[in-house]
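Chemist: Just dropping this structure here.
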Amino acid sequence: MTLRATADSWKIKPMPTRQKRLLITGNYTPDEMQRIERGFIPATQQDKWFIYLDGEWLHFHRSWTGTCIFQLHLVASETGFQADELIVNQDPSEYKMNDDAYNLSLVAYLIDHLLLRRFAQLPLPGKMTEQDQARHHQHVMGRRPGQDGSVPLTLLSRN
């Protein structure tokens, strides 16, 4: 049985007052929500995220610092659960990425990869060399591509 993550499971900091609210949309089934509710407690020093659900808010904290980076609002809907708002840390001393599309993609990736345990590819902020992609992956996830259970995909040609 997996231990359910709570705010007391890890040393964390609150979301700073400098934040940005994004109105979003996304849906999760009741089965997916059961897995999301468990959250994610880091098992090794390489695990970079701590994630837990508190009421209707899914909190995403960096594991080493406890810094809150994202908060995702999830509400019950007719078909399951709907994500309708994402709060993003805007304190430049804690989080420097201010690309809304990237931040939303990163949250979707963290949910897919860490909570739902399904295939997902880490989003990249803009164009990067292969070496920079590997560095970015290690910075965000704690491990290089392939070492975290991910399957890197490479485009060989277009038809």
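Chemist: From Cα pairs below 8 angstrom and at least 6 apart in sequence, can you work out the relative contact order of the chain, rounded to a whole percent? Before the final figure, lay out the partial values.
Modeler: Details: 258 pairs, mean separation 33.9, N = 159.
About 21 percent, as a whole number.
Chemist: Can you give the FRET efficiency for L124 and V75, using 1/(1 + (r/R0)^6), R0 = 30 Å, r = Cβ-Cβ distance, to the nearest 0.05? Can you show the working numbers first?
Modeler: On the way: r = 30 Å, r/R0 = 1.01.
Plugging the Cβ-Cβ distance into 1/(1 + (r/R0)^6) gives 0.50.
Chemist: Quick one: net charge around V75, please, counting Lys, Arg +1 and Asp, Glu -1 for every other residue with C-beta under 13 Å from its C-beta.
Modeler: Details: positive: none; negative: E56, E78, D84, E85.
Charge balance near V75 sits at -4.
Chemist: Under 15 Å from the Cβ of D99, count the other residues' Cβ atoms, weight Lys and Arg +1, Asp and Glu -1, and hand me the total.
Modeler: Numbers: positive: K20, K96, K127; negative: D100.
With Lys, Arg at +1 and Asp, Glu at -1, the neighbours total +2.
Chemist: Before rounding to the nearest 500, sum -39500 (n - 2.57) across all DSSP H runs of length at least 4 in the chain and divide by the residue total; then give [θ] at 222 nm in deg cm²/dmol. Could the numbers behind the result be given before it?
Modeler: Working: 3 runs with 32 residues, N = 159.
That comes out to -6000 deg cm²/dmol.
Chemist: Just the C-alpha atoms of the chain: what Rg/Rh do they give, with Rh taken as the Kirkwood radius?
Modeler: Details: Rg = 15.6 Å, Rh = 16.4 Å.
On the Cα set of the chain, Rg over Rh gives 0.95.
Chemist: So, counting K/R as plus one and D/E as minus one, what does the shell of residues with Cβ under 13 Å around G26 add up to? Can you show the working numbers first?
Modeler: On the way: positive: none; negative: E32, D84, E85, D112.
With Lys, Arg at +1 and Asp, Glu at -1, the net is -4.
Chemist: Hey, can you rank 60-73, 91-104 by average C-beta count inside 10 Å, highest first? Before the final figure, lay out the partial values.
Modeler: On the way: 60-73: 19.9, 91-104: 13.7.
Most protected by this proxy first, the peptides run 60-73, 91-104.
Every number here is computed from the coordinates shown, using simple stated rules; none is lab data. Everything numeric here is computed off the predicted structure, so don't read it as measured data. When we count neighbours, we look across all protein chains shown, and the Cβ atoms used for this are built from the backbone with ideal geometry, even at glycine.
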